[in-house]
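J.: Here's a structure for you.
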């Protein structure tokens, strides 16, 4: 009797590392995986993954942190990734922080700040020039103004 159950457990697992949240699925809580995930349903919680794709029917209410993010659905929360791709059907209500690449299609609805984080980026010549200008302004002292009062003698 138990041998039959044991044989069922020995089925090959999907080793692609890619998981799927279907359209009819709703997940409450944080999600963490070293693999990739496709979201077509609703996740109420924070997501920490290697790579994710939010399809047109997918929604996330919470922070999203990944190395690569593709958004075609709804995200309500902060997005942090090395590479961010935003499709024309995407609706994002939250700030987007990226390190390397940001691609957006015309028609995407973004309500939040977009900022490149410098963690993965070396200072460019322009950044260095701007820093030098700021430092020079701080070291240059304004000349003091001296008021000279002239007296006239009555004759």
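J.: Return the residues of the range 86-98 that are closer than 14 Å to residue 52 by Cα and in a strand (DSSP E or B); say none if nothing qualifies.
T.: 86, the sole residue that qualifies.
J.: Considering each of 83, 101 in turn, give the residue that is surrounded by fewer than 16 Cβ atoms within 10 Å (Cβ to Cβ), part of a strand (DSSP E or B) and in contact (Cβ under 8 Å) with a residue 12 or more places away in the chain. Talk me through it step by step, then tell me what you get.
T.: Working: 83 fails: surrounded by fewer than 16 Cβ atoms within 10 Å (Cβ to Cβ).
101 is the lone residue from the list that is surrounded by fewer than 16 Cβ atoms within 10 Å (Cβ to Cβ), part of a strand (DSSP E or B) and in contact (Cβ under 8 Å) with a residue 12 or more places away in the chain.
Where a number appears in this text, it was derived from the coordinates with a stated rule and is not lab data. The structure displayed is predicted, hence computed values, not measured ones. When we count neighbours, we look across all protein chains shown, and the Cβ atoms used for this are built from the backbone with ideal geometry, even at glycine.
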